[in-house]
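The block underneath contains the structure these notes are about, expressed in structure tokens.
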Amino acid sequence: MSDPTRTLIFGNSGSGKSTYAKALAEQMACPYLDLDSIAWDPSAATPTRRALPDSAADIAAFTRRSDAWVIEGCYADLLELAMAKATTVVFLNPGVETCIANARNRPWEPHKYPSPEAQNANLDMLVAWIRDYAERDDEFSLAAHRRLFDAFTGPKREFTSNERGVD
């Protein structure tokens with residue numbers, strides 16, 4: 001019997017993390033966690049990150065519930081919390097222009113926005129944020145994702161285009 005696969009998927013906004021994670025989790029018949037769902041305080045009037053220990057507790061609970069899982073997000077600080085339990089990492093790094101095109105073409109995300117109009121109203125800000133990926137030096141940056149990827153000693157893959165399959 002093979003060891004269960006516990007996969008972390010990360011990259012810039014618009015890199016295809018959610019799409020890839022959903023497909024992989026479906027293929028593996030395992031749960032997946034979108035870190036957006038635990039990173040933000042839903043009761044805050046403006047976008048506010050939850051305290052790291054609160055998100056850490058949610059990650060720990062999620063990883064205990066199943067032997068196999070998929071976690072995706074752009075939060076290097078949260079991904080790092082699950083890294084020790086991961087068996088595989090996937091870095092989606094298709095380039096800024098591809099991420100922007102993906103963001104412009106993504107369907108409405110009702111778990112993030114109350115309406116398609118609200119999502120579209122946020123698009124210019126999102127595109128500017130995507131464009132700054134290589135210049136930022138925060139937990140959402142190319143530098144932080146590169147550090148995570150390089151530090152992981154197990155099986156790992158970096159995809160530099162939208163051309164990828166779930167294998």
Ile9 passes all but one of the listed conditions (1) within 18 Å of the chain's Cα centre (by Cα); (2) assigned to a loop (DSSP other than H, G, I, E, B); (3) in contact (Cβ under 8 Å) with a residue 60 or more places away in the chain; the exception is number (2)
**OP:** Determine, yes or no, whether Leu35 is under 15 Å from Phe140 (Cβ atoms), of a type in the set (A, V, I, L, M, F, W, C) and under 11 Å from the mean Cα position of the chain (by Cα).
**Re:** yes
Checked against (1) under 20 Å from Trp40 (Cβ atoms); (2) surrounded by fewer than 16 Cβ atoms within 10 Å (Cβ to Cβ); (3) within 15 Å of the chain's Cα centre (by Cα), Glu139 satisfies every condition except (2)
Within segment 91-136, of all residues that are in contact with a Leu (Cβ under 7 Å, 6 or more places away or on another chain) and of a type in the set (A, V, I, L, M, F, W, C), the one most open to solvent (accessible area, probe 1.4 Å) is Ala134
The residue that is nearest to Ala103 (Cα to Cα), considering only those in segment 1-33 that are among the small types (Gly, Ala, Ser) and open to solvent by 80 Å² or more (accessible area, probe 1.4 Å), is Ala29
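Quick grid of which residues meet (1) in contact with a Lys or Arg (Cβ under 9 Å, 6 or more places away or on another chain); (2) farther than 16 Å from Gly14 by Cβ:
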position	(1), (2)
Leu92	yes, no
Ala121	no, yes
Trp129	yes, no
Asp132	no, no
Note on segment 44-67: residues of a type in the set (Asp, Glu), farther than 16 Å from Thr7 by Cα and open to solvent by 60 Å² or more (accessible area, probe 1.4 Å) are Asp54
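The values are calculated or read from the model by the stated rules, or taken from the named source; none is laboratory data. Here the structure is a predicted model, which is why all the values come from computation and not from measurement. Here Cβ is always computed from backbone atoms with ideal geometry, including for glycine, and neighbour counts include all displayed protein chains. Just so you know, the surface numbers come from the protein's heavy atoms only, side chains and all, with ligands and any DNA or RNA stripped out. Shrake-Rupley method; radii C 1.70, N 1.55, O 1.52, S 1.80 Å.
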